[in-house]
Amino acid sequence: MTLYMKSRCLTFIKMNQISNKVFCKKFLSAGNSCCWSRIVRFFADKKKFFKEARISELEEGYGINLDNHELKTPTGSVLCIPNENLAQAVTLEWNIQKHTIKTERMPLTALCYAACLSHSKEPTVSSILSYLTTDTVLCHSTEPEELVQLQDVKWGPAVEWFKARYSVDVSHSNGFIMPDVDRQTKLKMNNYLLTHDAWCLIGLESMVGLLKSVILSLAVVNYHLTVEDAVSLSRLEQEYQVAKWGNVEWYHDVEKHEMQMKTAACALFFQMCAEQTTSISYTSQNC
């Protein structure tokens, strides 16, 4: 693993310690052949039953061995990860578990499971683009004036970057009016997203769902915004209210750090899949 990847992993692990809620429910809640009760049992906290997690080489990628046990997906098939760096990071998630396996602190593992359950890119791309017409940074308030000005100042640069980067034309709305996103913009973004690998798209889809913003998510994976900045921008109205009325002890800060952890995991997943060192085809058939 490169020094850059090690640094990203250490940052992710540090942020990961704050989370205490289930992260994987979204990825496995719809469109799958296995029943929900089976998934719940699979992800329930379990007593740690292994001493060490390590990488194993498979015919079409990398697996994870928990001592002598192969790590499997909720559907029962052996987990096959097409990228060695990602496999190293997933192994790290398992090795930092102590007495109990806390699945909510293993978002990269959950993303791998989700990628294995994804059968094509088109539904994922459609899901991502569905957020564009309600994108956080395109939906401005009408009052109070102080918040309206803050949104213009904070969100404006991100929107202008998006328009220049992808040569599209979008404009924000005010109040309950939907933002203006024309058909040509949607088509152009659809074609662009389809050039990405299926596993990359799973990471991006999850990030879009967290930030409620296609624009902020693309800014993160293109290194235009940091995770912290993107999360702050997505929570702009909430942070305005906190500054005005005060912080709820042990709630707002924990919520913010948890969101940063999850977003960082999605960004790391996306970049590791995009910077693959193998020539493996990312398809659900590998799972």
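At a glance:
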item: Any hit, segment 33-55, residues being under 15 Å from Glu93 (Cα atoms), modelled with pLDDT under 65 and either assigned to a strand (DSSP E or B) or of a type in the set (Phe, Trp, Tyr) (or both); result: yes
item: Hey, Thr2 over 23 Å from Thr263 (Cβ atoms), open to solvent by 10 Å² or more (accessible area, probe 1.4 Å) and either at pLDDT below 55 or out of contact with any helix residue (DSSP H, G or I) (no Cβ under 6 Å at 6 or more places or on another chain) (or both) or not; result: no
item: Neighbours by Cβ (under 6 Å, 6+ apart or cross-chain): first from segment 231-251, closer than 16 Å to Glu143 by Cα and open to solvent by 80 Å² or more (accessible area, probe 1.4 Å); second part of a loop (DSSP other than H, G, I, E, B) and charged (D, E, K, R); result: none
item: Every pair of residues 6+ apart whose Cβ atoms lie under 8 Å, when the first sits in segment 179-200 and is touching a residue at least 24 places away in the same chain (Cβ under 8 Å) while the second is open to solvent by 20 Å² or more (accessible area, probe 1.4 Å) and hydrophobic (A, V, I, L, M, F, W, C); result: Pro179/Cys139; Lys186/Leu129; Met189/Leu129; Asn190/Leu129; Leu193/Leu129; His196/Ala274; Asp197/Ala274; Cys200/Ala274
item: Unmet criterion (only one of (1) within 20 Å of His172 (Cα to Cα); (2) not in a loop (DSSP other than H, G, I, E, B); (3) not small (Gly, Ala, Ser)) for Phe270; result: (1)
item: Residue in segment 227-239 that is modelled with pLDDT under 95, out of contact with any helix residue (DSSP H, G or I) (no Cβ under 7 Å at 6 or more places or on another chain) and not hydrophobic (A, V, I, L, M, F, W, C) present; result: yes
item: Pair list, Cβ < 9 Å and 6+ apart or interchain, from segment 123-138 residues that are at pLDDT 95 or above to residues that are surrounded by fewer than 16 Cβ atoms within 10 Å (Cβ to Cβ) and β-branched (Val, Ile, Thr); result: none
item: Test: residue in segment 67-83 that is open to solvent by less than 10 Å² (accessible area, probe 1.4 Å), modelled with pLDDT under 90 and not in a loop (DSSP other than H, G, I, E, B); result: no
item: Candidates Tyr223, Tyr240, Tyr251, Tyr192 - the one that is on the phi > 0 side of the Ramachandran plot and of a type outside the set (D, E, K, R); result: Tyr223
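The values are calculated or read from the model by the stated rules, or taken from the named source; none is laboratory data. Just so it is clear, the structure is predicted and the values come from calculations on it, not from any experiment. Neighbour counts run over all protein chains shown; Cβ positions are idealised from the backbone, glycine included. Just the protein is used for accessible areas: all its heavy atoms, side chains included, with ligands, DNA and RNA removed. Shrake-Rupley method; radii C 1.70, N 1.55, O 1.52, S 1.80 Å.
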